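Peer 1: Shown below is the structure under consideration.
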Amino acid sequence: MSGSKLIFRIGGIILAGLGVGMALTNPGQKAYEQYASETLNDYLKENVCTRVPSELSQFLESQCYFLVDTARPQLSQIIARNTKRQNFIVFSLYQTDLFIPSALPNYQVKTVGVFQNFYTYEAEGL
């Protein structure tokens, strides 16, 4: 067997192994919903709860944290209802349209799931 054939066979085996590994570690819808819920919860606490007037900041901030934690099941349901998954076997693309009835802006969030991890690559206000 020539050197180039051996290299192609080894390369093919490596690519096949990588593909199988990616397929086995492609995260599912429930894992995404948990990731998105945790990410939204953290975002609200870090970016919404901290923007309160300084004279009432400590009280309002703690109340905001409480409200965010209390609303987490409802936010999880909103995420579950408004997420579309495109499964490409070795990775998945998720698009979540967040239309939360309140003074908060609406968002469209795009995320890729691969190797049991999620990477949000776009989040834009609508």
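Read the figures in this text as sums done on the coordinates, not as results from a lab. On a predicted model such as this, the values are computed, not experimentally measured, just so you know. Note that we place each Cβ from the backbone using ideal geometry, even for glycine, and neighbour counts take in every protein chain shown.
Peer 1: Count the lysine pairs in the chain whose Cα atoms lie under 25 Å apart, taking only pairs 8 or more positions apart in sequence or on different chains.
Peer 2: Number of lysine pairs found: 5.
Peer 1: Note down the relative contact order for the range 3-125 as a percent, whole number, built from C-alpha pairs under 8 angstrom at least six residues apart.
Peer 2: 25
Peer 1: About the Cα centre of the range 3-125, what is the dipole size in debye to 20, counting +1 per Lys and Arg Cβ and -1 per Asp and Glu Cβ, all else neutral?
Peer 2: Once rounded to the nearest 20, the dipole reads 760 debye.
Peer 1: What ranking do 80-89, 31-40, 110-119 get when scored by the average of other Cβ atoms within 10 Å per residue, highest first?
Peer 2: Highest-to-lowest ranking by the protection proxy: 31-40, 110-119, 80-89.
Peer 1: Also: Considering the values (i) -0.44, -1.02, -1.14, -1.19; (ii) -0.22, -0.65, -0.85, -0.96; (iii) -0.39, -0.77, -0.90, -0.96, which represents log10 I(q)/I(0) by the Debye sum over Cα atoms at q = 0.09, 0.15, 0.17, 0.18 Å⁻¹ as calculated for the structure under consideration?
Peer 2: Read-out from the structure maps to (iii).
Peer 1: Residue separation times 0.36 nm, minus the C-alpha to C-alpha distance between Leu93 and Ser62: what's the value?
Peer 2: Separation in residues times 0.36 nm, less the Cα-Cα distance, equals 7.7 nm.
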